[in-house]
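The values are calculated or read from the model by the stated rules, or taken from the named source; none is laboratory data. From a predicted model like this one, the values you see are computed outputs, not experimental measurements. Glycine also receives a Cβ, built like all others from the backbone with ideal geometry; neighbour counts cover every protein chain displayed.
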Amino acid sequence: MPMTFDAIVVGAGFAGLYALYRLRARGYTVCVLEAEAGIGGTWYRNRYPGARCDIESLQYSYSFSDEVQQAWTWTERYASQPEILRYIRYVADRFDLHRDIRLNARVTAATFDENRCRWAIETEAGPCYDAAFCIMATGCLSIPIVPEIPGLAAFAGDLYRTADWPHDGVDFSGRRVGIVGTGSSGIQTIPIVARAADRLTVFQRTANYVIPAHNRPLAPAEQAEWKRNYEARRAAARRTRNNALMEHNSRPGAGMTPAEREEIFEARWRLGGLTFSYGFPDQATDRRVNEAAADFVRRKIAGTVRDPETARKLMPRDHPVGSKRLCVDTGYFETFNRPNVRLVDLRDEPLLAVEPEGVRTERALYPLDALILATGFDAMTGALRRIDPKGRGGRSLSEKWNVRPSTLLGLAVAGFPNLFIVTGPGSPSVLSNMVTSAEQNVDWIADCLDYLRANGFAAIEARQEAEDAWFGEVAAASARTLLPEGDSWYVGANVPGKPRVYMPYLGGVPAYLDACGKAAADDYCAFALTPADAAAGEARAASEAV
Ligand code: NA7
């Protein structure tokens with residue numbers, strides 16, 4: 001017999017844990033199914049050396065409980081993975097969440113029963129679950145990609161993935177190490193591994209724009225000042241494009257002289273981090289301004305990396321700034337001045353294969369004792385496509401998203417009643433502060449469930465025409481920018497066969513919050529609602545027919 005709940009939540013990361021907290025507080029029976037052996041989601045899995053958040057810790061944290069906000073002390077401007085995981089466990093303990101979480105419970109199937117208006121959810125471990133609502137808190141970056149490099153399986157050394165790092169860490173001392181991938185994960189790992197390894201070879205396919213984090217300890221006075229003003233800061237953050245307070249500049253760069261722009265870039269570089277994205281309101285839309293930002297970063301690289309040839313290879317030239325996620329580093333470019341580090345540009349010498357002894361490019365064999373893959377994720381749709389929920393009429397979500405990953409507000413999909421996604425494609429998600437955006441999505445879902453309960457509805461389903469309209473809005477917002485141009489995970493370009501669609505909503509958090517608020521205030525008229533009586537009648541008819 002399946003175990004019965006009002007809601008099943010899939011995933012015990014920031015989003016899933018908050019969904020459990022919120023729905024339980026509203027009186028729903030909830031069970032969280034988590035594939036891994038521990039809670040934390042992204043922050044459980046990404047344990048690689050140097051793993052760190054690129055949103056400031058005072059903001060990348062739950063806002064729902066002022067008690068937690070006041071009680072928790074962050075040690076650094078940008079929190080490291082171990083500290084974030086400690087924080088997540090602290091919150092789970094504090095709100096007694098563990099008792100409703102099943103670990104090692106990877107969801108393998110989710111099927112909607114139209115007659116009963118309920119989801120049947122199966123797990124790898126065996127038990128089945130039955131719930132009125134299925135809430136997918138499966139994360140945007142939770143399915144790591146292992147590229148199809150010939151010979152990889154035959155590598156005689158040790159193979160590591162940044163997204164699935166050994167719990168006990170790895171000692172690279174005295175070893176020849178290679179790393180494939182220079183996105184955020186690679187860029188954080190490389191400086192740390194370089195300090196330990198005998199020799200580190202970095203295999204780079206695309207050079208990236210990398211901005212210094214200027215990470216630092218958080219001074220007690222600075223933190224206390226934040227805590228005194230937390231509520232106002234959180235409210236102000238919600239009015240920004242990405243749900244995070246950063247130094248936004250409202251003066252367009254297009255009308256400025258190169259010298260004026262340079263001054264602003266320089267100030268941003270000194271501030272560090274993702275603030276560089278917000279140097280100018282037209283940096284993502286005006287090619288000249290964007291190119292000026294790109295040129296600025298290239299000159300910084302030239303001024304940091306001593307070997308001119310290595311510096312040249314590290315300079316990104318083939319995509320606009322921000323079209324791949326800006327990387328935030330600590331000592332990345334400086335690492336290439338170390339005598340034990342070399343850069344292999346796979347554009348100059350393509351990677352042919354992994355051999356038992358190392359990596360072979362068109363030019364040479366690079367002997368290695370260990371190889372690290374920092375090769376990215378099947379982002380935003382990957383986790384859901386693997387579960388492949390079956391909705392009305394047995395329709396597969398994966399097949400639907402093979403055409404295009406459309407949703408209504410990133411929260412719901414036509415044909416999949418009572419299925420909710422937290423920070424799904426079509427929401428600001430990865431372009432925003434994920435923690436507070438997840439909270440907002442969960443609050444919206446909780447309010448929606450209350451509405452259904454209060455008004456006697458058994459099911460809610462996005463209308464196809466509303467989903468199409470929202471998909472159009474998402475596409476229009478990205479089309480106004482240069483950002484779809486990069487071959488990034490934002491557009492699915494890193495997964496062969498994935499439709500090329502800029503998945504996050506680029507219209508900004510305030511516009512998104514307005515749209516979500518309007519959908520609820522309009523009595524969910526963008527959704528079809530099934531009265532509980534009708535659902536009960538259908539179920540009776542179905543059971544009599546059997
Ligand atoms: P990313 O940003 O997708 O980076 C993956 C990197 O791996 C990137 O440099 C890729 O090069 C490279 N890659 C992928 N496949 C290959 C093959 N087959 N050969 C060589 N190089 C390859 O993933 P991350 O984990 O670093 O970061 C993901 C997000 O997590 C990040 O944006 C933050 O939001 C946190 P490419 O650029 O495709 O040429």
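When each of Val435, Val442 is tested for being part of a helix (DSSP H, G or I) and within 16 Å of the ligand (Cβ to nearest atom), the lone residue that passes is Val435. Evaluate the following for Ile135: is it within 16 Å of the ligand (Cβ to nearest atom), β-branched (Val, Ile, Thr) and within 21 Å of the chain's Cα centre (by Cα)? Considered against the rule, which asks whether it is within 16 Å of the ligand (Cβ to nearest atom), β-branched (Val, Ile, Thr) and within 21 Å of the chain's Cα centre (by Cα), Ile135 comes out as no.
Within the range 351-407, being among the aliphatic types (A, V, I, L, M), within 13 Å of the ligand (Cβ to nearest atom) and under 17 Å from Arg161 (Cα atoms) holds for Val354, Val359, Leu371, Ile372, Leu373, Ala374, Ala379. Is one or more of the residues making up the range 39-56 more than 24 Å from Pro212 (Cβ to Cβ) and among the acidic types (Asp, Glu)? Among the residues of the range 39-56, not one is more than 24 Å from Pro212 (Cβ to Cβ) and among the acidic types (Asp, Glu), which makes the answer no.
Here's the yes/no breakdown for (1) within 25 Å of the chain's Cα centre (by Cα); (2) of a type in the set (Val, Ile, Thr); (3) part of a helix (DSSP H, G or I); (4) under 22 Å from Ala197 (Cα atoms):
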residue	(1), (2), (3), (4)
Arg306	no, no, no, yes
Glu309	no, no, yes, no
His319	yes, no, no, no
Lys324	yes, no, no, no
Glu334	no, no, yes, yes
Arg338	no, no, no, yes
Leu343	no, no, no, yes
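For (1) modelled with pLDDT under 95; (2) buried (at least 17 other Cβ atoms within 10 Å of the Cβ); (3) over 16 Å from Asp522 (Cβ atoms), each residue gets a yes or a no:
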| position | (1), (2), (3) |
| --- | --- |
| Thr436 | no, yes, yes |
| Asp447 | no, no, no |
| Ala462 | no, yes, no |
| Glu465 | no, no, no |
| Asp468 | no, no, yes |
| Val474 | no, yes, yes |
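The criterion of at least 1 residues that are out of contact with any helix residue (DSSP H, G or I) (no Cβ under 9 Å at 6 or more places or on another chain), charged (D, E, K, R) and outside the structural domain of Thr436 (by TED's automatic domain parsing) is met by the following strands (runs of 3 or more DSSP E) wholly inside the range 146-246: 158-161, 176-180, 199-204. Within the range 292-331, the residues that satisfy the criterion of being free of Cβ contacts under 8 Å to residues at least 24 places away in the same chain and among the charged types (D, E, K, R) are Asp295, Arg298, Arg299, Glu309, Arg312. The C-beta contact set for the range 156-170 (first residue among the aromatic types (Phe, Trp, Tyr), second residue within 16 Å of the ligand (Cβ to nearest atom), distance under 6 angstrom, 6+ apart or interchain) comprises Tyr160/Ile372; Trp165/Arg47; Trp165/Tyr48. If we scan the range 235-247, do we find a residue that is among the charged types (D, E, K, R) and within 23 Å of Leu482 (Cβ to Cβ)? Yes: one or more hits.
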